[in-house]
Amino acid sequence: MSSDEAFAADAAGNVDIEVAFPITGRSGESGEIRVYELPGGTMAEIVHRGAYGNATATYEKLFAWLESNHTSIVGALREGYLNDPREVPVEEILTEVYAPIG
């Protein structure tokens, strides 16, 4: 996926979003809930600081780095939330963005 494709999908409102969280033991699937293991691998990572809605510039930096290093995204982007927006000021919200690369 290129940065142009990612931003076009977002603008068109047809981004596929999944919510993931770790579980222990066995768990069954039901309805729209699927249980699977996220693949590992080499990731490019950047940390966004601030409101979630202001993350575009952070993604642009990540995509620029990927392009300048001739690296391609080979899977779905991931976000990890490092703190709780109910407990910190909006300017201190931290979000890790991961791009599987190859």
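Residue-wise test of (1) closer than 18 Å to Asp4 by Cα; (2) of a type in the set (Asp, Glu); (3) surrounded by 12 or more Cβ atoms within 10 Å (Cβ to Cβ).
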position	(1), (2), (3)
Ala57	yes, no, no
Ala64	yes, no, no
Ile73	yes, no, yes
Leu77	yes, no, yes
Gly80	no, no, yes
Val88	no, no, yes
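When you check Val47 against the structure, is it within 14 Å of the chain's Cα centre (by Cα) and without any contact (Cβ under 8 Å) to a residue 12 or more places away in the chain, yes or no?
no
Every number in this text was worked out from the coordinates using simple rules, so none of it is lab data. Owing to the predicted nature of the structure, the values given are computational and were not obtained by experimental measurement. Glycine gets a Cβ as well: all are built from the backbone with ideal geometry, and neighbour counts include every protein chain shown.
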